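Student: Below you will find the structure I want to go over with you.
The values are calculated or read from the model by the stated rules, or taken from the named source; none is laboratory data. For clarity, every value in this text was computed on a predicted model and none was experimentally measured. We place every Cβ from the backbone using ideal geometry, glycine too, and count neighbours over all the protein chains shown.
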Amino acid sequence: MNRLTILIVSIFIGIVLFSSLFSVASNANDELGVFEKLDDYIASDYFFMDEDFNRVNILESIDKPTVIALVYYECPGICTPLMNGLADVMKRSDQVLGKDYQTFLISFNHRETPVLAMNKKRTYEKLVGDGDIEGSFRFFTGDSLTIKRFIDNVGYKIKAEGQDWIHPATLLVISPDGKITRYLHGTYFLPFDFKMAIVEAGMGRSGPTINKVLKFCFSYDPEGQKYVLNITKISGTIILVLALALLGTLIINNRRKKPITKA
């Protein structure tokens, strides 16, 4: 068996093994994550309680581009980095809160109360800085049925674990008429990406997720409650790419070494 045949067999075995590992990892996380529903609309019958104990229809409250963070306020894990990242990009962005957009934080833990939402708002309003903090930076809580229907509407999959929740970290961007136009994944956001998401939402234009590669490179660790580098996917991909490159090199070299026969 020559070197080329051995290489081809090795690549085939590598693909089979990598596909198996990828399938196992994917099946383990099927119940978690964000399944994007771009161009879908927020339903008209979701009522949440804001930090001032007002019963609010979410869709009717959306009259400008709206950034929504799905969190829970007593989260011991990734919610705090997400809220910190959101407050940071709001402060650094040249988009004006209340004029160009508004921000809603919605708890998906039905046990949390408006009092807790109010306390969390007081913490983060100091970090956001300028803009209409009172009317355009709002914190909501709701009942379990409304929360379940809302997160299903926007494609957000979570899992209860004891008193805590396993969940992804993602911002939703909604157009003034309630259409889902963008998903921003992660806990750190660039001002340019944030601005473009708001501007395009204002025009009703949906856009693909810019950093969707993060969903490939990172997986959510339920025990650590954070995103971790997915070594299996990345290393498997690198190995396959290198193997294919080597295969191409061997094929080219083999062709070059063929003796030229004279007629």
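Student: Quick check on ALA160: is it of a type in the set (A, V, I, L, M) and loosely packed, with under 15 Cβ neighbours inside 10 Å?
Tutor: So ALA160 passes the test.
Student: Further question on the same structure: Which pairs do you get when a residue that is within 9 Å of THR141 (Cβ to Cβ), found in region 113-127, comes within reach of a residue that is outside any helix (DSSP H, G or I) and of a type in the set (A, V, I, L, M), reach meaning Cβ atoms under 6 angstrom, with the pair 6+ apart or on two chains?
Tutor: PRO114/MET49
Student: If a residue must be in a helix (DSSP H, G or I), touching a strand residue (DSSP E or B) at 6+ places or on another chain (Cβ under 6 Å) and surrounded by fewer than 16 Cβ atoms within 10 Å (Cβ to Cβ), how many such residues does region 182-211 contain?
Tutor: Result for region 182-211: 0.
Student: Take the residues in region 59-109 that are of a type in the set (A, V, I, L, M, F, W, C) and part of a loop (DSSP other than H, G, I, E, B), then tell me which one is nearest to ILE180 (Cα to Cα).
Tutor: ILE62
Student: While we're looking at this one, here's another question. Tell me which residues, restricted to region 78-88, are touching a residue at least 60 places away in the same chain (Cβ under 8 Å) and crowded, with 20+ Cβ neighbours inside 10 Å.
Tutor: ILE78, CYS79, LEU82, LEU86
Student: Take the conditions surrounded by 20 or more Cβ atoms within 10 Å (Cβ to Cβ), modelled with pLDDT of 95 or more and in the same structural domain as GLU161 (by TED's automatic domain parsing) and apply them to LEU116. Does it pass?
Tutor: no
Student: Sticking with this structure for a sec: How many residues does region 154-181 contain that are at pLDDT 95 or above, more than 10 Å from the chain's Cα centre (by Cα) and in a strand (DSSP E or B)?
Tutor: 5
Student: Restricting region 44-58 to residues that are among the hydrophobic types (A, V, I, L, M, F, W, C) and not in a loop (DSSP other than H, G, I, E, B), which is nearest to the chain's Cα centre (by Cα)?
Tutor: Checking each candidate, the answer is ILE58.
Student: Go through region 137-147 and report how many residues are in contact with a Leu (Cβ under 8 Å, 6 or more places away or on another chain) and free of Cβ contacts under 8 Å to residues at least 60 places away in the same chain.
Tutor: 1
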